[in-house]
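The values are calculated or read from the model by the stated rules, or taken from the named source; none is laboratory data. Nothing here was measured: the structure is a model prediction, and the numbers come from that model. Cβ placement follows ideal geometry from the backbone for every residue including glycine, while neighbour counts extend to all protein chains displayed.
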Amino acid sequence: MLEVQKLVKQFTVRGAVSVNAINDVSFSVNAGEFFTLLGPSGCGKTTTLRCVAGLERPQAGKISLRSNIVFDSANRIYVVPNHRNIGMVFQSYAIWPHLNVFNNVAFPLRAAGRWDAKTIASKVAWALELVGLAGFSERPATQLSGGQQQRVALARALVKEPDLLLLDEPLSNLDAKLRERMRSELKRLQRELGITTVYVTHDQVESIHMSDRIAVMNRGRVLQIGKPYDVYERPTSQFVADFMGTTNLINGVLRKAVNGPTVEFVDTKLGLLQCSFSCAFSEGATVLISVRPENIKFAPENESASVNIVAGRIKERSAWQGMADYAIDVGGIELRMRAAVNGNAFASIDPVRLHLIPDKCVVVSTDKGERSYESAATL
Ligand SMILES: Nc1ncnc2c1ncn2[C@@H]1O[C@H](COP(=O)(O)OP(=O)(O)OP(=O)(O)O)[C@@H](O)[C@H]1O
Ligand SMILES: [Mg+2]
């Protein structure tokens, strides 16, 4: 449905300094898919979206939409935004303050000049109904709450029934409760309409709840693409492991080369740890082992497994809503651990024995060797 290949976009600041906003960005989005660009501020999410919409011209790369090429630097093809049939909600909503709700939503229809007033009225009514704003037509844009403005922007993006919907952090201006509600409403709407969507956020929890697939970006590059759970559970780099949620990163060295997905021992300060690999590494490589707090368990006294058992002392503990968080010192390394708890009945035995589940001890590259991968589980 959408193919983005090797996009490069540089900006020139004050005629001199060149900013590499995105560098070699590639991904493809299937029809009906909810695809998310996730990454920290300044990593190039908005730039990527604006290139897809045709609001920026990349220096290099190719974009095709429904098998039609809309941009190709090599062949000097550039299709203007209003011929791409894309709906976009901007990071700031960008609704017109001097227009009422109806006229805001009708704006793209009038600009296209293809419909009579009666058709425009029925299309606007359809879009407003869709976002739960039926009856708000006459309301001036300045008299809307943040959540209502967000709905107007969404109705305006949907009113032309676009092939592709681009959403740039549409929920970031809303308070936490409303954001949660809008998150599920948006997802329901997207499913009902079956509209192919590229969503931008820096919030990893939001991306996990909403997306079919995620592309994690950093410094203008796509580091990993995969289903939310796969990217969370099987990161391939330090950056992705860390950005997707709390994790423990343990330094390690490989005694022998690894040629692809497998289980192998890694030399660490905690001894030899059995770990799971998603990709290849050479002998002697310095790596990091990422193990999430919920994948470390207390080993029972009669635990027969001898692999990946370490001893430590509890330094801190706290409990909330049935989950306890621990900071445990293991040979000078602090491990974070998370476990279900009944009330505040913490583990009281100290020192403790921990089991680091081998399958969940995932070997990732350090950020120095930043590379780009499809998540192994999606290959
Ligand atoms: N018009 C511009 N001129 C110069 N530099 C720009 C311009 N637009 C973006 N940049 C730079 O390009 C990089 C990527 O910016 P972009 O807006 O795509 O990031 P983002 O991921 O959307 O960030 P945020 O989460 O803060 O919105 C940043 O370093 C930014 O300063
Ligand atoms: Mg942005």
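For the stretch 166-199, taking the residues that are more than 16 Å from ligand 2 (Cβ to nearest atom) and of a type in the set (S, T, N, Q), the one that is nearest to residue 46 (Cα to Cα) is identified as 197. Restricting attention to the stretch 279-326, which residues are without any contact (Cβ under 8 Å) to a residue 60 or more places away in the chain, within 27 Å of the chain's Cα centre (by Cα) and under 30 Å from residue 262 (Cβ atoms)? Matches in the stretch 279-326: 280, 293, 294. Apart from one condition, residue 262 fits all of (1) more than 29 Å from residue 154 (Cα to Cα); (2) in contact with a Pro (Cβ under 6 Å, 6 or more places away or on another chain); the exception is (2).
Filtered by the rule that a residue be of a type outside the set (Ser, Thr, Tyr) and away from ligand 1 (no atom under 15 Å from the Cβ), the stretch 13-53 gives 29, 30, 31, 32, 33, 34, 35.
For the stretch 265-278, a residue qualifies if it is over 28 Å from the mean Cα position of the chain (by Cα) and touching a residue at least 24 places away in the same chain (Cβ under 8 Å), and the qualifying residues are 266, 269, 270, 271, 273, 274. More than 16 Å from ligand 2 (Cβ to nearest atom), outside any loop (DSSP other than H, G, I, E, B) and of a type in the set (A, V, I, L, M, F, W, C), is that true of residue 275? Considered against the rule, which asks whether it is more than 16 Å from ligand 2 (Cβ to nearest atom), outside any loop (DSSP other than H, G, I, E, B) and of a type in the set (A, V, I, L, M, F, W, C), residue 275 comes out as yes.
Here is a yes/no grid of residues against (1) buried (at least 16 other Cβ atoms within 10 Å of the Cβ); (2) within 27 Å of residue 45 (Cα to Cα); (3) assigned by TED's automatic domain parsing to the domain that holds residue 226:
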{"residue": "122", "(1), (2), (3)": "no, no, yes"}
{"residue": "126", "(1), (2), (3)": "no, no, yes"}
{"residue": "141", "(1), (2), (3)": "yes, no, yes"}
{"residue": "157", "(1), (2), (3)": "yes, yes, yes"}
{"residue": "164", "(1), (2), (3)": "yes, yes, yes"}
{"residue": "201", "(1), (2), (3)": "yes, yes, yes"}
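Restricting attention to the stretch 20-57, and to residues there that are without any contact (Cβ under 8 Å) to a residue 60 or more places away in the chain, away from ligand 2 (no atom under 14 Å from the Cβ) and not polar (S, T, N, Q), which single residue is surrounded by the most Cβ atoms within 10 Å (Cβ to Cβ)? Looking at residues that are without any contact (Cβ under 8 Å) to a residue 60 or more places away in the chain, away from ligand 2 (no atom under 14 Å from the Cβ) and not polar (S, T, N, Q), I get 54.
Search the stretch 347-369 for residues being surrounded by fewer than 16 Cβ atoms within 10 Å (Cβ to Cβ) and assigned to a loop (DSSP other than H, G, I, E, B), and hand back the single one that is modelled with the highest pLDDT. Selected residue: 366. When residues in the stretch 160-176 are screened for being in a loop (DSSP other than H, G, I, E, B) and either among the small types (Gly, Ala, Ser) or closer than 22 Å to residue 33 by Cβ (or both), 8 of them pass.
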